[in-house]
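These notes concern the structure reproduced below.
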Amino acid sequence: MNRFTDRTAVVTGAAQGIGAATALRLAAEGARVAVLDRNAPDDTAEQIVAAGGDARAYVCDVTDRGSVRDVFARIATDLGGPHILVNNAGITRDDLFFRLSEDDWESVLSVNLTGVFHCTQAAQKYMVAQKYGKIVSLSSRSALGNRGQANYAAAKAGIQGLTATLAIELGAYNITVNAVAPGYIATAMTAATADRVGMSAADHQEAVAARTPLGRVGLPEEVASVIAFLASDDASYVSGQTLYVNGGAR
Ligand code: NDP
């Protein structure tokens, strides 16, 4: 499939995990990919180029509004577009609500939600002008509520409201706006969660797999393929939706 020929895609937080898998997937289907991360996104870009694809790495902290604006201007000049934005950068700072610090509240809201505001506002300027855009943001199953994740759940539920609203405001410009809400995906983020609760990554995954209908945890590539669908013209009449990618868990 070459669904993204002549398209420029921007993927934030793409140095590893779901972001890296998404950048690789979009590139494999023909996109020119701007690989963004707050440090060293070069590995992902190099992997894409080594596989015959087109990618460029940009250092960009999504919480820094000025840097986001400047990086999007450089991407427009270097690669054209952007036609696709994947708001993937995210962090967790888990704690029970009664002792959740203001710092942990602020940092999670700042990266996971305000970062999406910054990047989407920067991207929409180009998308409106070209009357074409696909925006996909990472929500989470935790948006439905998850012990120890009041900050993260609030941010990821915020993504769903933002997505529904932007679909209404940007639809007139041929821009679709959707979210994916993964369940447990085996990445550095969930390995860190395992570590915090004193379990090995393998034991933690096994415990989650036991309560997941498909009987296993997810892989970054299994989220990337859903993001690629929503970012493609196969999903041309899908907007304002949040699609759960969670192995059937409720
Ligand atoms: P990872 O922690 O593996 O990767 C996240 C990437 O985002 C890292 O490279 C990280 O850099 C980068 N990042 C963090 N803060 C910023 C910032 N301010 N600006 C730019 N980049 C930043 O996470 P996952 O791949 O697991 O998760 C990707 C997305 O999917 C996140 O939004 C997450 O909330 C969401 N998600 C993940 C699930 C899972 O089970 N893994 C489930 C549901 C949703 P650094 O390493 O330097 O911090």
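Residue by residue through the stretch 1-24, note down the ones that are more than 15 Å from the ligand (Cβ to nearest atom) and under 16 Å from MET127 (Cα atoms). It would help to see each step written out before you state the result.
Of all residues in the stretch 1-24, those more than 15 Å from the ligand (Cβ to nearest atom) come to 1-9.
Passing the criteria: PHE4, ASP6, ARG7, THR8, ALA9.
Yes or no, residue by residue, for (1) on the phi > 0 side of the Ramachandran plot; (2) modelled with pLDDT of 95 or more; (3) buried (at least 23 other Cβ atoms within 10 Å of the Cβ):
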{"residue": "ALA14", "(1), (2), (3)": "no, yes, yes"}
{"residue": "GLY17", "(1), (2), (3)": "yes, yes, no"}
{"residue": "ASN39", "(1), (2), (3)": "no, no, no"}
{"residue": "GLU46", "(1), (2), (3)": "no, yes, no"}
{"residue": "TYR58", "(1), (2), (3)": "no, yes, no"}
{"residue": "ASP61", "(1), (2), (3)": "no, yes, no"}
{"residue": "ARG69", "(1), (2), (3)": "no, yes, no"}
{"residue": "ILE84", "(1), (2), (3)": "no, yes, yes"}
{"residue": "GLY90", "(1), (2), (3)": "no, yes, yes"}
Pick from ALA228, ALA191: which is modelled with pLDDT of 95 or more, within 11 Å of the ligand (Cβ to nearest atom) and under 23 Å from the mean Cα position of the chain (by Cα)? ALA191
Filter the stretch 76-132 down to residues that are within 21 Å of ASP61 (Cβ to Cβ) and among the basic types (Lys, Arg) and give me whichever is nearest to the chain's Cα centre (by Cα). ARG93
In the stretch 25-68, residue nearest to ASP233 (Cα to Cα) [restricted to those that are β-branched (Val, Ile, Thr) and in contact (Cβ under 8 Å) with a residue 12 or more places away in the chain]: VAL33
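The values are calculated or read from the model by the stated rules, or taken from the named source; none is laboratory data. A quick note: this is a predicted structure, and the numbers were derived from the prediction, not measured. Ideal geometry is used to build each Cβ from the backbone, glycine not excepted, and the neighbour counts take in all protein chains shown.
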